[in-house]
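Below is one structure, written out as structure tokens; the observations come after it.
The values are calculated or read from the model by the stated rules, or taken from the named source; none is laboratory data. Since the model is a prediction, treat every value here as computed from it, not as a measurement. When we count neighbours, we look across all protein chains shown, and the Cβ atoms used for this are built from the backbone with ideal geometry, even at glycine.
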Amino acid sequence: MGKFANPRKDRFLKTRPRSSVETSDIAARCKFNLSFFDASQEAGQDFADWNNVEGLHSLATLMEKIKEYTKEPLSYWRNNRSGSGGLKILSYYDSFPKDSDFIHPAHVPHDAIWARFRLGNKVRLIGFVVPEVLVSEDAAKRKAEQIGLDANTFYVVFLDKDHRFYKSESR
């Protein structure tokens, strides 16, 4: 130890955060938005329905999955597969599925890109993302306002424990 070493100070400094918002990867991590959530449809469930069960469609499992998903950008999950069938963890759809037990809620934008997170077996988290082209156009318009659209946000719309959103997808 040096002449002016202070072990107490060194121990204290080791407990303090070393990164800042600027130097962290916070901007790259995906986000989840629940403001479009719709539990009114018969095919879906509410959070309370998932609160009193165990397994893949439990609220605790959903929160653990979301915690893991938010460590990476959405693009990471679109390129990764899971399960024996090798289904993508996150899939985007060309449009709202025709063969669905759900209906397109009026409060969800018509030009949203519908998507799903595969939580396991037939359990899905259904929602949408903002089209990349709108994010690019929006960035220029809103730069002065310091707000804008984010293509790295998943807007949760439905909880689907029985795979009733996109029924033609492998069950």
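So the values come out like this:
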| item | result |
| --- | --- |
| Selection from the stretch 110-134 of residues that are more than 12 Å from H163 (Cβ to Cβ) and outside any strand (DSSP E or B) | H110, D111, A112, V130, P131, E132, V133, L134 |
| Residue in the stretch 90-113 that is in contact with a helix residue (DSSP H, G or I) (Cβ under 9 Å, 6 or more places away or on another chain), farther than 21 Å from P131 by Cβ and of a type in the set (D, E, K, R) present | no |
| Identity of the residue in the stretch 90-104, under 21 Å from A39 (Cα atoms) and among the charged types (D, E, K, R), that ends up modelled with the highest pLDDT | D101 |
| Any chance L13 is assigned to a helix (DSSP H, G or I) and surrounded by 14 or more Cβ atoms within 10 Å (Cβ to Cβ) | no |
| Among residues of the stretch 45-96, those that are among the hydroxyl-bearing types (S, T, Y) and closer than 18 Å to R164 by Cα, counted | 5 |
| Unique match (being within 12 Å of the chain's Cα centre (by Cα), within 19 Å of F158 (Cα to Cα), among the basic types (K, R) and surrounded by 10 or more Cβ atoms within 10 Å (Cβ to Cβ)) among K31, K67, K71 | K31 |
| Given (1) in a helix (DSSP H, G or I); (2) modelled with pLDDT of 95 or more; (3) surrounded by fewer than 16 Cβ atoms within 10 Å (Cβ to Cβ), number of the condition H107 does not satisfy | (1) |
| Count - residues of the stretch 89-104 that are touching a Ser or Thr at 6+ places or on another chain (Cβ under 8 Å) and of a type outside the set (V, I, T) | 2 |
| Candidate set: the stretch 50-64, residues that are surrounded by 15 or more Cβ atoms within 10 Å (Cβ to Cβ) and touching a strand residue (DSSP E or B) at 6+ places or on another chain (Cβ under 9 Å); chosen: the one modelled with the lowest pLDDT | L56 |
